[in-house]
Amino acid sequence: MEFNWLRDFIALTATQSFSRAAEERHVSQPAFSRRIRALESAIGATLINRETLPLSLTPAGEIFHEQAQAMLRTLEGTIERCQAAEVEDENLLRLAASQSLFTTYHHSHFQPHVDAGTLAVELGATAWPAEKFATALQSGSVDLVMVYWHPALTFLKSLDQGGFEFVTIARDRFMPVSRPDADGEAMFRLPGQEKARVPLISYGSASVLRPIVDDLLARHEGTANTLLVSSNALSSSVKALISEGFGLGWLPRRFCEADLSSGALVKAGDSRFESDIEIRLYRRRDNQKPMLGSVWRAVSSGAAVPADGLRPYAGVTQLKTNGGRTGLGD
């Protein structure tokens, strides 16, 4: 059944004439009559009493007339809502990032745009597997993706195809940390001992940060003697277990800076077991949303700083864009 048939039926009941209704619907009378017959066939009941002049509705037609009006009102209202949502979406950017990046950089870099109504946070992204950040940007379901970047993160190579660009928001340090003992020293420390391997709190296989941990361990095979005791999806879960003294693990420095400053956590290895990481914001080059350019420029220039004067952690180096180039190895 087509919705146009409902409009035909409404026109016919209003005019009580096939010829006038056909003229109102801008079709020939034979074509109009066939459409009314098709509607009755789809309903399985005769709706029009053709034996009366003017035409009248059958009992089934009376019931269907009321419902047809309700269905058309619902359809038109739904269309209006969809069109309004399309307009709203055109003026709203969607940002996806991992949980640790949301909590670390959202307030300092993106909250002004959220307050202005130009940016929405895709909170579901906090539980996304690593690969989904790239596929979501490729499909256009999000406009901006904020991710850690490291050469070991091969899932980002799909964004190195010329259709994307990035800005490096900051640099951070990925480092092993542990709960301190009574003397303030790390309870667990690298390198471990061959006969007493260090318990490792790590990330699940779908985590953005897992490949970096694996890369560091592979580079120090034979010296970083660890025993995996827990794999977690979120950095907050990794940090919580480390804080409880279940083992050591790697965290971005800024994510655990307050704990390091207070002494709740301490470094669990020297610089050999650390690695630089970048925090990058990616977008599609062909995204034509009106607000994207201004938000991109504001974030690139460091202008996205809230009015209360809070600025990014001083140990994180602020950078510029990649000059419009793509290339994850730049």
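Each value in this text was obtained by applying a stated rule to the coordinates, not by laboratory testing. Here the structure is a predicted model, which means the values were calculated and not measured. Every residue, glycine as well, gets a Cβ built from its backbone with ideal geometry; the counts of neighbours run over all protein chains shown.
For this structure, a couple of remarks:
- Amide H contacts under 5 Å for F188, placed H, 5+ residues apart: R179
- Vicinal HN-Hα couplings computed from phi for region 277-288 (Karplus, 6.51 cos²θ - 1.76 cosθ + 1.60; Hz; Gly/Pro x): 9, 10, 10, 10, 10, 10, 8, 7, 5, 8, 6, 9
- L57 long-range amide H proximity, modeled H, under 5 Å: N49
- As a proxy for reagent exposure, M175, M71, M146 were ordered by neighbouring Cβ count within 10 angstrom, fewest first; the result is M71, M175, M146.
- Legend: ranking of residues I169, I10, I201, I212 from fewest to most surrounding C-beta atoms inside 10 Å; resulting order I10, I212, I169, I201.
- More than 19 angstrom apart: percent of Cα pairs within region 3-89: 42 percent
- Each of L47, L227, L12, L53 was scored by other Cβ atoms within 10 Å of its Cβ. Listed from fewest to most, they are L53, L227, L47, L12.
- Rounded to whole numbers, the Karplus 3J(HN,Hα) couplings from phi for region 55-65 are 4, 9, 8, 6, x, 5, x, 4, 5, 5, 4 Hz, using 6.51 cos²θ - 1.76 cosθ + 1.60 with θ = phi - 60°, and x at Gly and Pro.
- Coupling constants for region 112-128 follow from the phi torsions by the Karplus curve (6.51 cos²θ - 1.76 cosθ + 1.60, θ = phi - 60°), and in residue order they are x, 6, 5, 4, 7, x, 9, 9, 10, 8, 7, 5, x, 5, 4, 10, 5 Hz; glycine and proline get x.
- Region 87-244 - convex hull of the alpha-carbon atoms, volume per residue in Å³: 131 Å³
- Correct choice for Rg and Dmax of the Cα atoms in Å that was computed from the model, options (i) 22.3, 89; (ii) 30.9, 102; (iii) 20.9, 80: (ii)
- Added length on full extension, which subtracts the Cα-Cα distance from 0.36 nm per residue, S17 to R50: 10.9 nm
- Extension gain, E244 back to Q29 (0.36 nm per residue minus Cα-Cα distance, nm): 69.3 nm
- Applying a DSSP loop filter and a limit of 15 other Cβ atoms within 10 Å to the GluC sites (Glu not before Pro) in region 90-196 leaves E185, E194.
- Distance between the modelled labels on T103 and V229, one decimal in nanometres: 2.1 nm (7 Å Cα→Cβ projection).
- Annotation: amide H-H contacts under 5 Å for G204 (H modelled 1.01 Å from N, sequence separation of 5 or more, or interchain): N232, A233.
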